[in-house]
Each structure stands twice: as C-alpha cells, then as structure tokens.
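To start, the structure itself, in structure tokens.
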Amino acid sequence: MSEKTSRLPGFYKLTLEERLKKVAEFANLTDEEVNMLKKEGNLSLDIAQRMIENVIGTMAYPFAVAVNFLINNKDYLIPMVLEEPSVVAAASNAARVMRKWGGIHTTSTGPVMIGQIQLVNVEDPFGAKMTILEHKDEIIKIANEQDPILVKLGGGAKDVEVRVIDSPKGPMVITHLIVDVRDAMGANAVNTMCEKVAPLIERITGGRVYLRIISNLADKRLVRARVKVDKNDIGGEEVVDGIVMAWAFAAADPYRAATHNKGILNGVIAVALATAQDHRAIEAGAHAYAAKTGRYLPLTVWEKDKDGNLVGTLEMPMAVGIVGGATRVHPVARIALKILGVKTATELAEIMGAVGLAQNFAALRALATEGIQRGHMKLHARNLAMQAGATGELVDKIVEIMVREGKIRYDRAVELVEEFKKKGKL
Ligand code: MEV
C-alpha cells in the first residue's frame, strides 16, 4: 500500500503555507518549486484565495494585445491571454486586412439567458405544461423578487417557456425562465431565480423538481459578426476560393468542423481569459449551438460576393459579463476591460464574436495557402531556444539557424546554446 494519501481532511481549513507543505511532501517538491508557486505576480495570494478553494499559489500566462481591430467603425486593442504561439499575430494580421469598409460589423440579440427547472413524476406532462404557463406572471414575480437591482437596471425575468421532453426516464416538463441579465454573465442571478421558483412549480403541478440551473446553450444571447475582405488584399480570388472551400469542408464534415470551431475559440477564449470570464460556459455554448440542428456545423460561413471578394459571417452564443464574478475581482481582468473600453457586456460579447471571426479567417487563409506550420514553426523554434536557455538576441540567432537548417528540435537548440556558450556569447 502506498504511504501517500490524497485523503487530507480539513485541507481547505489550513493556511496556504500549510497546504503547500503537504503538497510539497506528497510530490517531493523542491524549495525552489515551492517558492515558484508562492511567488506573487499581479494576482495576490490573498485575492486568489478568495476566488477558489485549496489555493497553493498562482500561475502566470502571457497577456498580449492584438492590434488593428476596427469593429463597427471603432478601434479596439484586444487583450488576449493564452499559451499558444501565432494566435495573437494571426488575429492582428487578419484585423489589418479587415479594416476596409468599416472593419467587422456586429450585432447581438441582447443579454438574455435561460434557466431550466426540471419537473418529473407528472402523469399529465402536457397538462402540467399548461398549468405552469397559466402561472407565468406569478413565476416571473417570484423570480424578480430575488434580484431587485437587476430589475431596476431594466433586466430580470421576462418570460416563461415550457417544453415537454422525452428522456430515457420518461417524459419531463422543462420550464425555461427567460432572464435579461444585463451586464452580468448571469449564472448566479438565474440559478437563484430557478431555485426560488421551483417550489411553486411543484405545488401547482404535484410533480417533483430536480435540477434548477442555467443553460449554457445560450441561444437567446447570440452575437453576429460580418466582414468583407478585399480579394486584392489577400492574394486574389484564388485565395478567396480556397477559404470558401475550407469552410465548405467544415460544413460537410464534423471532424473538420470541430477544428474549424477550435480556431474561432482560439480568439474568443483568449479574450475570455484576459477578462476573467467563465470560458467553459462559452465553449459549452459554442459547441452546443454548433450542433443545434442535430449535426455539428461550423460557427462561421465564408462566401464569395459578386465582385469576387470574401464575405465572412459568424453567429454564436456569447455569455459574458463585466460585473460580478472574477471580472471585477481579478485586477488584471479589470485592466483588460479598461484597455477594451467596453461599457456593456453586450459590447464585450460583440467584440469577442468579431475576434472569433478574424481568428477563423486567419487560420483558413493560412491553411488554404502556405499551411500553418511555417509561421508556427518559427514561434515553436523561439520557445525551444528559450527552453534551452537562450536569452536576448541569442534567441533570434538560434531561431534563424534552426529554421535555415530545417531542424526545429529541442536537442538542436540545446546544442546551439552550448556552442554559443563556448564561444563566450552567453
Ligand atoms: C490551431 O490552434 C487552430 C487551427 O487548427 C484552426 C483551423 O484548423 O481552422 C489552425
């Protein structure tokens, strides 16, 4: 039997130091590793511990800014946090060729989320459905009593929809509470409302409520983006055709559509991380929306217009907030919002949709022409050179040599660093 145990009662009650000590013992962490975890960056350990449980440190990621974005005739700098090379550069390049004709144009359906209340054990599900709908005003009243501030701001529960679904456990009556969450992501407000409304639903139907929770298929909170790209700015009509062909591939094949949508999410989630959004909610919503017809489809469409120019459009759910949650707690997220200069959650959502469209264009353009590896490999080479211990100008020198030789490998980077060391250049 292993002497190590992960059963650590009361771990959460320990101080950070004490927790760290236990983890260090468990995993044989060196003093240097322990100090690395404890090192405070722009998120203090104090705030980190107020955000989640069992904290033993923080972890920094690169925070970058994509340039050139013109959205609805307004210039934006886009904060992005992610670990993948090429994404920020690709977004900036895409945004540059998208500046003509007012840049990227966006609209949205407004900050409306759905809360679900699952009712079972009713013999007459369709009768129950009608009963619930008859009590719509009462349901909305109870829901809105939970959040007077939201209501004062013009938000709150607005409508009730009821669906009878067939499940492996028989019919279920699913009530949807339709809530305008204004500038919040909305999960807290919606979940509270669902929990408070549930007893009434049980009482009037005689059934049993189980789940009371927000739906991440936020199809009442859609962002839409449109852009036209001049064929002459991207290498002519042949490139336009290549991009349209790449989209058609995704529209016909879920294996490709998943990767196509991943490219969109590269941009969307990088902004989500910079602004401390619930990015899992955005991803879940994106994929569920992509599969809404029963087939998994790309979230963008690429077409050629009558003049041979490229037209791209995107439609996807975007549940983001600028009040509440980590957006306000994380000091860097607040700065990211300031860089963006957004005044509402809807504006943020639309920007993220625009970034997704630009990111998708960049990927398809590269894939349909030279492929993505050339650009990627250069950045990959940079990472390898740095991992091998190169700093400053030496990084560029080693990258240049590895790219020229076509040997972009860690062992070669180490060799080169050694060589430069011997020459006394390090
Ligand atoms: C890589 O992170 C994203 C791409 O695979 C997206 C795509 O294939 O469209 C390049």
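Projecting each Cα onto the charge dipole of the chain (Lys/Arg +1, Asp/Glu -1 at the beta carbon, about the Cα centre), which of VAL190, LEU43, SER215 comes out farthest on the positive side?
Positive-end residue among those listed: LEU43.
Considering the dipole of the chain built from charges on the beta carbon (Lys and Arg +1, Asp and Glu -1) around the Cα centre, which of GLN118, VAL179, VAL23 is farthest to its positive end?
VAL23
On a 0 to 90° scale, report how tilted helix 136-145 is relative to the longest principal axis of the chain, with both axes built from alpha carbons and the result rounded to the nearest 10.
Approximately 60 degrees, to the nearest 10.
Just going by the charge dipole of segment 247-313, with Lys and Arg at +1 and Asp and Glu at -1 on Cβ, which of GLY285, LEU273, GLY263 is farthest out on the positive end?
With unit charges placed on the Cβ atoms, the residue in question is GLY285.
Starting from the Cα coordinates of segment 112-214, work out the convex hull volume and express it per residue in Å³.
Convex hull of Cα atoms, per residue: 80 Å³.
Quick one: helix 125-134 against the long Cα principal axis of the chain, what's the angle to the nearest 10°, folded into 0 to 90?
So the helix axis and the longest Cα principal axis differ by about 80 degrees.
Give the span of the chain's Cα atoms along each principal axis, as three whole-Å numbers ordered largest to smallest.
83, 70, 43
Give the distance, in whole Å, between the Cα centre of segment 5-29 and the Cα centre of segment 197-248.
First find each Cα centre; the distance between them is then 42 Å.
To the nearest 10 degrees, how steep is helix 393-405 against the longest Cα principal axis of the chain, on a 0 to 90 scale?
That helix lies at roughly 80 degrees to the long axis.
Let me know the charge dipole size of segment 112-214 about its Cα centre in debye, to the nearest 20, where only the beta-carbon of Lys, Arg (+1) and Asp, Glu (-1) is charged.
Around 140 debye, computed over segment 112-214.
Arrange the peptides 100-107, 174-181 so that the one whose residues have, on average, the most other Cβ atoms within 10 Å appears first.
Order by mean packing, descending: 174-181, 100-107.
What ranking, highest mean first, results for peptides 108-114, 4-10, 144-150 when packing means the other Cβ atoms within 10 Å averaged over each residue?
108-114, 144-150, 4-10
Under a Cβ-only charge scheme (Lys and Arg +1, Asp and Glu -1), can you give me the dipole magnitude of segment 374-422 about the Cα centre, in debye to the nearest 20?
160
Can you sort PHE361, PHE126 by how many other beta carbons sit within 10 Å, fewest first?
Listed from fewest to most nearby Cβ atoms, that is PHE126, PHE361.
Which of the lysines could a cross-linker span from LYS21 if the Cα-Cα distance has to be under 20 Å and same-chain partners fewer than 8 positions apart are dropped?
Cα-Cα hits under 20 Å: LYS4, LYS13, LYS38, LYS39.
Between segment 116-146 and segment 46-100, what's the alpha-carbon centroid distance in Å?
Using only Cα atoms to place each centre, the spacing works out to 42 Å.
Going highest first, how would you order 373-385, 130-142 by mean Cβ packing within 10 Å?
The most tightly packed comes first, giving 373-385, 130-142.
What ³J(HN,Hα) values, in whole Hz, does the Karplus curve 6.51 cos²θ - 1.76 cosθ + 1.60 give for segment 15-21 when θ = phi - 60°, with x put for Gly and Pro?
6, 4, 4, 5, 4, 4, 4
Restricting to lysines 8 or more places apart or on different chains, can you count the pairs in segment 59-202 with Cα atoms under 28 Å from each other?
Close lysine pairs under the 28 Å cut-off: 15.
Okay, helix-only estimate at 222 nm for the chain: each DSSP H run of n ≥ 4 adds -39500 (n - 2.57), divide by all residues, round to 500 deg cm²/dmol; what do you get?
-15500 deg cm²/dmol
Computed from the coordinates by the stated procedures, all read-outs in this text should not be read as laboratory data. All figures in this text were calculated on a predicted structure; none of them were measured in a lab. Backbone-built Cβ (ideal geometry, glycine too); neighbour counts: all protein chains shown.
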